[in-house]
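A quick write-up on the structure given underneath.
The values are calculated or read from the model by the stated rules, or taken from the named source; none is laboratory data. If you're wondering where the values come from, they're calculated on a predicted model, not measured in any experiment. No Cβ is skipped: glycine too gets one built from the backbone with ideal geometry, and neighbour counts run over all protein chains shown.
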Amino acid sequence: MKTYRVGGCVRDRLLDLPIKDRDWVVVGANPDEMLAQGFKPIGKDFPVFLHPKTKEEYALARTERKTGPGYTGFEFHATADVSLEEDLQRRDLTINALAETDNDEIIDPYNGQEDLKNRILRHVSSAFSEDPVRILRVARFAARYAELGFTIADETMTLMQDMVAQGEVDTLVPERVWQEMQKALAEKTPARFIEVLRECGALKKLLPEIDCLFGVPQPEKYHPEIDTGIHVLLVIAQAARLTNDTRVRFAALMHDVGKGLTPKEELPQHIEHESRGVALVKEVCKRFRVPNDYRDLAVLVTKYHLYPHLASELRPETKLKLFESLDAFRRPERFELFLLACEADSRGRPGYENRVLEKPEILRRALAAAQSVDAAVLAKQGLSGPEIAQALRNQRINAIQQSA
């Protein structure tokens, strides 16, 4: 029985990156031997165990065989005669098919170290094509390591394109797509995730609402990049620069989907694209079972993202209506997330990345002024019910006007 550190912990150590978790593979053992040593089983589909002390995951070396469509159609073989090389061969990328002994000796049967050195994401074997989740994982790794200069090997991209053409992506279940998308949004360069999916053709299958934005023109006066799809990528990049909150990054991704429905005769203008986009955002969130807090922020940003751009021109009554629609009095933290997404939208244009933005501060001052109105004081004046509500509204409008 031999144990080896495998996968991400080996890869990231060689890249001089922080190691979050350590995974182990066990060669030459069976489940009964693991149980006898105090390991606790947690794997449902194949033997994975928790170490009795460290609680790190130890998986028996295994091979797999494709038995059906999609990422669940596999039969696993995990016995004491499975070698380390056989186990590593089933992994997705060569940089993940690395193992390490207790003496820090690297075992690298598929040239993962060479690909690390050359900054290449390359599939280990043709078995890659049997699991469509790997398309999403490659796109996610591309987003993670884009700043380090990693690119996808031509043959791997070709294989991914073939998988899409053969319908493998169509077998993905919504929860798994969202799981990978959410992880990708948390990476350093989330826009790269979208670029890779588009290059291999998976974006058109999974997020046609985003894919169709590429090639849709916008007025050059406001959008020097012109192309709506390019604008969305720039906005995601700015959102990643502004915050680690993946809810904001998701809202940035979705904010302009309504422009894909603009009638051709109206282009490059996009009249009422905000309201058209709301239904699309809800549809995407329903399709992938996106959590409510992600959906709600994305809907609000899609519907109201032009308001901060026009903050200095909005009437006090309109500003109050915006605050009420955002539920900003009860949820000021979401109001800040909304402003961050809108700031990313403003900065997601060539030449606007580092501009001083005064419009968000106008709305912050207006909200603070409206929040300063005390309903309790109105109640003490003998007002009640609808009278308090109307008086509160009038005083908030007056306070907003004074803050301008």
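Values for this structure:
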quantity	calculated
Conditions (1) under 29 Å from Val173 (Cβ atoms); (2) part of a helix (DSSP H, G or I); number of the one not met by Leu322	(1)
Exclusive hit being aliphatic (A, V, I, L, M) and at pLDDT 95 or above, set Val173, Val177	Val177
The one condition in (1) part of a helix (DSSP H, G or I); (2) at pLDDT 95 or above that His309 fails to fulfil	(2)
Total residues in the range 215-269, condition part of a helix (DSSP H, G or I) and under 18 Å from Ala186 (Cα atoms)	20
Yes/no for Ile106 being hydrophobic (A, V, I, L, M, F, W, C), surrounded by fewer than 17 Cβ atoms within 10 Å (Cβ to Cβ) and assigned by TED's automatic domain parsing to the domain that holds Arg22	yes
Residues satisfying the stated conditions in the range 202-230, i.e. under 18 Å from the mean Cα position of the chain (by Cα), among the small types (Gly, Ala, Ser) and over 18 Å from Ala252 (Cα atoms)	Ala202
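Yes/no per residue for (1) touching a residue at least 60 places away in the same chain (Cβ under 8 Å); (2) part of a helix (DSSP H, G or I); (3) touching a helix residue (DSSP H, G or I) at 6+ places or on another chain (Cβ under 6 Å):
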| site | (1), (2), (3) |
| --- | --- |
| Phe76 | no, no, no |
| Asp81 | no, no, no |
| Glu85 | no, yes, no |
| Arg91 | yes, no, no |
| Ile95 | yes, yes, yes |
| Asp104 | no, no, no |
| Pro109 | no, no, yes |
| Asp115 | no, yes, yes |
